[in-house]
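Reviewing the structure listed below.
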Amino acid sequence: MKTGLKLGAAVGGLMALSTFGVAAQELPDTMVWTSYDVGSAGYAEASAIADAFGKEYGTRVRIQPSGSGIGRLQPLLQGRADYAFLATEAFFVAEGAYDFATREWGPRELRAVAGRPAGITLIAAGDAGIENVEDARGKRIAFVAGNPSVNVKCEAILAFGGLTLDDVEVVTFPTYSAAMASMTRNETDATCTTPTTSQLYELAESPRGIHYAPLEADNTAGWEGLLKVLPIMGPSDEDVAAGLPEGEIAKMAAYRYPVITTTAEKTADEVYTFIKALDESYDLYKDGTATMPRWTLEKSGKPAIDVPFHEGAIRYLKEKGIWTDKDDAWNAKRIERMDALLAAWDDFKPQNEGLSDEEFADAWMARRAEVVAGLN
């Protein structure tokens with residue numbers, strides 16, 4: 001009788017471990033994540049995943065929204081947030097580029113957990129007279145203060161049409177949400193963002209309407225211009241976009257957004273548990289937004305991405321049969337690039353303290369370009 005009880009208890013324990021595998025690996029009771037503003041695609045997706053974590057594992061997630069890349073990064077780097085749902089600022093801060101080419105920043109070591117593919121193009125009000133990118137000449141383009149992730153992509157997309165920032169009227173807004181809503185209010189004519197941001201659905205339903213300037217894959221000159229500005233994108237056919245009729249395709253560029261990012265110091269076990277939870281709770285959040293199905297690890301757990309993958313994520317991806325030798329080679333090369341920039345920064349910063357802030361940033365961007373060229 002006692003043996004039977006022990007056996008029953010053992011079987012029950014195994015069943016519990018099977019059912020609650022992630023919980024058994026101690027997913028935290030509470031977590032803090034950062035994301036884009038309320039109303040952004042990144043916030044909506046982080047919220048859907050957080051809700052799934054709460055339902056499946058009892059984990060309470062507090063999301064700190066911010067309209068700037070710096071606002072999303074600081075809590076992560078200061079240890080006040082566990083994960084950040086970032087855009088291309090993940091790439092920029094790892095390179096010490098643009099707004100991060102300052103004495104206070106410089107390149108920082110980050111790691112990716114996962115990041116879904118996202119489309120982007122020049123998105124215009126339907127009445128703005130912007131059919132193609134080159135038609136944006138002289139038009140009002142919404143930018144976001146302190147947000148190189150949005151702004152440099154827009155600069156790259158304008159280059160697709162042979163335009164520079166001098167060819168358009170840049171209108172800068174203090175937050176991402178304000179910039180995205182500016183077209184509906186007729187404060188601007190176009191911007192560059194993901195096509196599922198909530199403000200774009202409002203634009204599509206407004207009297208102005210919405211239009212996606214195409215980035216055709218066979219436009220060789222256009223892509224050469226774009227990639228000179230930002231070499232992390234490629235052609236993409238998008239069928240999920242605000243105001244896009246069912247069955248139609250919009251020709252865009254693809255990058256990763258949001259990228260779930262953490263620090264290199266985060267333990268492998270912690271990140272392994274997180275990505276396992278992300279995978280196993282997928283059915284609970286996959287219908288949260290139109291783009292949530294792209295969070296399958298077969299899509300979101302593969303290079304190329306803004307920063308190297310974390311070893312804990314790679315361990316789980318290998319167990320799932322998703323991660324390949326080719327992916328290993330990509331990750332090693334990306335770590336080599338990051339290490340080279342970190343070493344260059346350590347030499348550069350003390351040698352150039354006498355420069356003005358502008359001179360310092362320009363000199364570092366030139367040094368960064370030399371380091372990157374030497375790796376290729």
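Multiplying the residue separation of Asp362 and Glu131 by 0.36 nm and removing their Cα-Cα distance gives an extension gain of 79.6 nm. Extension gain, Ala290 to Arg80, is 72.6 nm, computed as 0.36 nm per intervening residue step minus the present C-alpha separation. By DSSP, the beta bridges lying fully in the chain are antiparallel in about 60 percent of cases. A crude spin-label estimate for the pair Asp51 and Asp346, with each label 7 Å from Cα along the Cβ direction, gives 4.6 nm.
With a Förster radius of 45 Å, plug the Cβ-Cβ distance of Glu353 and Thr324 into 1/(1 + (r/R0)^6) and report the FRET value to the nearest 0.05. Walk me through the intermediate numbers first.
On the way: r = 44 Å, r/R0 = 0.99.
For Glu353 and Thr324, the calculated efficiency is 0.50.
Where the centroid of each part is defined by its Cα atoms, how far is the stretch 244-295 from the stretch 131-166 in Å? If we compute the Cα centre of each part, the gap is 27 Å. A simple charge model with +1 on the Cβ of Lys and Arg, -1 on the Cβ of Asp and Glu and nothing else charged puts the dipole of the chain at about 1300 debye relative to its Cα centre. When a/c is below 1.5 the answer is rounded, else prolate if a/b is larger than b/c, else oblate, so apply that to the stretch 58-174 with a ≥ b ≥ c taken from the square roots of the Cα gyration tensor eigenvalues. Because a/c hits 1.5 or more and a/b exceeds b/c, the stretch 58-174 counts as prolate. The lysines whose alpha-carbon is closer than 22 Å to the alpha-carbon of Lys228, local same-chain residues fewer than 8 away aside, are Lys153, Lys251, Lys333.
If the chain linking Asp237 and Thr102 were pulled fully straight, counting 0.36 nm for each residue of separation and taking away their Cα-Cα distance, it would gain 44.9 nm. Counting protein heavy atoms only, the stretch 248-376 has 47 percent of its accessible area on carbon and sulfur, 1.4 angstrom probe.
Arrange the residues Val307, Val229 by how much accessible surface each exposes, largest first, with a 1.4 angstrom probe.
Numbers: Val307 0, Val229 40 Å².
The most accessible residue leads, giving Val229, Val307.
Three semi-axes describe the equivalent ellipsoid of the stretch 194-254; taken as square roots of 5 times the Cα gyration tensor eigenvalues and ordered largest first, they are 25, 12, 10 Å.
Please work out whether the stretch 209-336 counts as rounded, prolate or oblate from its C-alpha gyration tensor, where a ≥ b ≥ c are the square roots of the eigenvalues and a/c under 1.5 means rounded, while otherwise a/b larger than b/c means prolate and anything else oblate? Mind dumping the intermediate values first?
On the way: a/c = 2.56, a/b = 1.42, b/c = 1.80.
Verdict is oblate for the stretch 209-336.
The count of lysine pairs in the stretch 262-317 with alpha-carbon distances below 16 Å, taking only pairs 8 or more places apart or on different chains, stands at 5. Working from Cα pairs under 8 Å separated by at least six residues, relative contact order for the stretch 127-193 is 45 percent.
The values are calculated or read from the model by the stated rules, or taken from the named source; none is laboratory data. Everything quoted here is computed from the prediction, not taken from an experiment. Positions of Cβ are generated from backbone atoms using ideal geometry, with glycine treated the same way; all protein chains shown enter the neighbour counts. The area values use the complete protein model at the heavy-atom level, side chains included, leaving out ligands, DNA and RNA. Shrake-Rupley method; radii C 1.70, N 1.55, O 1.52, S 1.80 Å.
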